[in-house]
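First up is the structure itself, then whatever we jot down about it.
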Amino acid sequence: MGSGIALAAVLAGAEVILQDTYAPVLEKADDYIKKFLEKKEKSSLYANLTLTENVDAFARAGIVIEAAPERLELKQELFAKLEAVCAPDTILATNTSTLSVTAIAAMTQHPQRVAGMHFFNPAPVLSLVEVVRAAQSSPATIDALVALAEALGKTPVVTGDTPGFIVNRVARPFYGEALRLLGEGVASFQDIDQLVEQGAGFRMGPFRLMDLIGIDINAGAMRSMYEQTYGEPRYRPHWIQMQKLAAGELGRKTGRGFYGYKDETAKDKEEGIQERPAALGAVLISSGSFAPGLAELAVTAGYTLSHELGEPPVAAFVAAGHGENAAAIVKGWDAALDASTPLLVQGADITLSEARRWAKHPERVFVFDGLFLDGSLITVSGDEGLRPQVAALLASLGHEAVWVNESPALVLPRIVCQLINEASFAVLEGVGDAETIDLAMKLGVNYPRGLLEWGGQLGWGRVLAVLDHLYAEYHEERYRASVLLRRWARNTSTDQRR
């Protein structure tokens, strides 16, 4: 991160001093910066860079940005040294991603000139910078760091000094829920990655991203969040990451993490449906709000659409949730339809075993993800017997079936709704307003949409139904919905999101 921040400043035309006490690190940084500048045909800017092993070189700096490893004692010691070396008006900033900036500033005599300036990796490329206001940071310090970020061509967002700030805090469920799904045997890490990427539009799935970041770094951030929040269940580390640490499988940098990188890179599945089977006959689709767009997909594919029992359908879809009489629909259709007709029930707030309990022919009941129909993949759970028939049906709608074991809220509703919930907690606790948090998540980690924007599109009532379903199944505080999200579910006016 240090070399990346230095490169971003060099590219902006600033005079830069890059310091490290370990010479090989400086040599590696020097090589990286030289090659980058050469590639961009900006080698002349290299003259603005000074590399040194001596902290005293910062005596002439106007702003110092620390990017040492994430250990509080190390950073506190370093800031005490910097204050002794630097001029009284020099601003001291930390690039910490999860540690308390206030605790770092506490080791200085003038904490008003200390604040956070958190860049995202790779720093020369990603535009977001979180400017973190510690307890005693002066307005002038914050203004100076915002101005510096803008001068570097970045987009600054100002946030309070809360654990994880905005991005690292709100992103925790992206990794935590994926690890839980893997640990519960719901799906393979490859399938979870593919669903997240091709089903929901994320650029990189959670396991591929953990490998890129470094599993040790990601696990350290989770552990730091958990400790700083005194054991908040939403940030509990997972044993799978700890096992990877023990095995030394840290991701790309060690040649193996969840994927292997020495002999071959992670292989993707072919994207989407190569050839759609022809649509034949009618499909029966119930009323209900948990499969928006399903009827349009069926019509576009060439099916005759029916909402009432009539012409024998090739399949029946239940788009209703618990509060929309799903149980009555399943019972009625199961009694009326031929036992060979697949009955697909939306699974955002209904589990497979629950839906089967409503039917006298449970072997023909499947659950599917009706909330995420925009992508090319769809999550489905059900018995082997009718799987080929169901897979062909979904393929005709333009969706490749990804088969998973039974799980509350399947895969994407569980991950995305937990992300939305965490974003709503951040608004509730004053970390930032909805627009700031959405901007930070799109720029800092390339999310396909702002999470609070996404929550509004899915519908706050549906998001709440997914969370309450998870809470009812697990009985864990991890899945409690924020009171603000409940308020939004009662009143969906955009004015209530401020």
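The values are calculated or read from the model by the stated rules, or taken from the named source; none is laboratory data. Since we're looking at a predicted model, the values are computed, not measured. Cβ placement follows ideal geometry from the backbone for every residue including glycine, while neighbour counts extend to all protein chains displayed.
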Seminar exercise, completed: Here the residues within region 341-377 that are among the hydrophobic types (A, V, I, L, M, F, W, C), within 17 Å of I192 (Cα to Cα) and outside any strand (DSSP E or B) are A348, L371, F372, L373
Exercise. Is at least one residue of region 378-390 of a type in the set (S, T, N, Q) and assigned to a loop (DSSP other than H, G, I, E, B)?
Worked result: no
Exercise. When you look at A134, is it crowded, with 21+ Cβ neighbours inside 10 Å, under 19 Å from the mean Cα position of the chain (by Cα) and not basic (K, R), yes or no?
Worked result: no
Exercise. Looking at this structure, is R387 closer than 28 Å to V416 by Cα, crowded, with 19+ Cβ neighbours inside 10 Å and either touching a residue at least 40 places away in the same chain (Cβ under 8 Å) or basic (K, R) (or both)?
Worked result: no
Problem set entry | Members of region 138-149 found to be of a type in the set (G, A, S) and farther than 10 Å from I91 by Cα, listed by number | S138, A147, A149
Problem set entry | Test: A29 is more than 22 Å from A140 (Cβ to Cβ), touching a helix residue (DSSP H, G or I) at 6+ places or on another chain (Cβ under 6 Å) and surrounded by 13 or more Cβ atoms within 10 Å (Cβ to Cβ) | yes
Seminar exercise, completed: R234 fails exactly one of (1) within 29 Å of I104 (Cβ to Cβ); (2) out of contact with any Lys or Arg (no Cβ under 8 Å at 6 or more places or on another chain); (3) assigned by TED's automatic domain parsing to the domain that holds Y479; (4) at pLDDT 95 or above, namely (2)
Exercise. When you look at L394, is it closer than 17 Å to L280 by Cβ and either modelled with pLDDT of 95 or more or assigned by TED's automatic domain parsing to the domain that holds E473 (or both), yes or no?
Worked result: yes
Exercise. When residues of region 437-462 are filtered for being within 17 Å of F174 (Cβ to Cβ) and either more than 16 Å from the chain's Cα centre (by Cα) or in the same structural domain as P292 (by TED's automatic domain parsing) (or both), how many remain?
Worked result: 1
For this session: State which residue pairs qualify: first residue buried (at least 17 other Cβ atoms within 10 Å of the Cβ) and inside region 433-444, second residue of a type in the set (D, E) in any location, beta carbons under 6 Å apart, and separation of 6 or more residues or different chains.
Result: D438/E453
Problem set entry | Those residues of region 106-126 which are modelled with pLDDT under 95 and either among the aliphatic types (A, V, I, L, M) or part of a helix (DSSP H, G or I) (or both), in sequence order | A106, M107, A123, V125, L126
Exercise. Any residue in region 445-456 that is touching a strand residue (DSSP E or B) at 6+ places or on another chain (Cβ under 6 Å) and either β-branched (V, I, T) or surrounded by 23 or more Cβ atoms within 10 Å (Cβ to Cβ) (or both)?
Worked result: no
Seminar exercise, completed: In region 1-24, anything buried (at least 16 other Cβ atoms within 10 Å of the Cβ) and farther than 20 Å from L128 by Cβ is listed as V16, I17, L18, Q19, D20
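Yes/no per residue for (1) out of contact with any Asp or Glu (no Cβ under 6 Å at 6 or more places or on another chain); (2) at pLDDT below 95; (3) hydrophobic (A, V, I, L, M, F, W, C):
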site: V314; (1), (2), (3): yes, yes, yes
site: F317; (1), (2), (3): yes, no, yes
site: K331; (1), (2), (3): yes, no, no
site: V345; (1), (2), (3): yes, no, yes
site: W358; (1), (2), (3): yes, no, yes
Seminar exercise, completed: For helices (runs of 4 or more DSSP H) lying entirely in region 411-498, having 2 or more residues that are modelled with pLDDT under 95 and closer than 20 Å to F165 by Cβ picks out 434-445
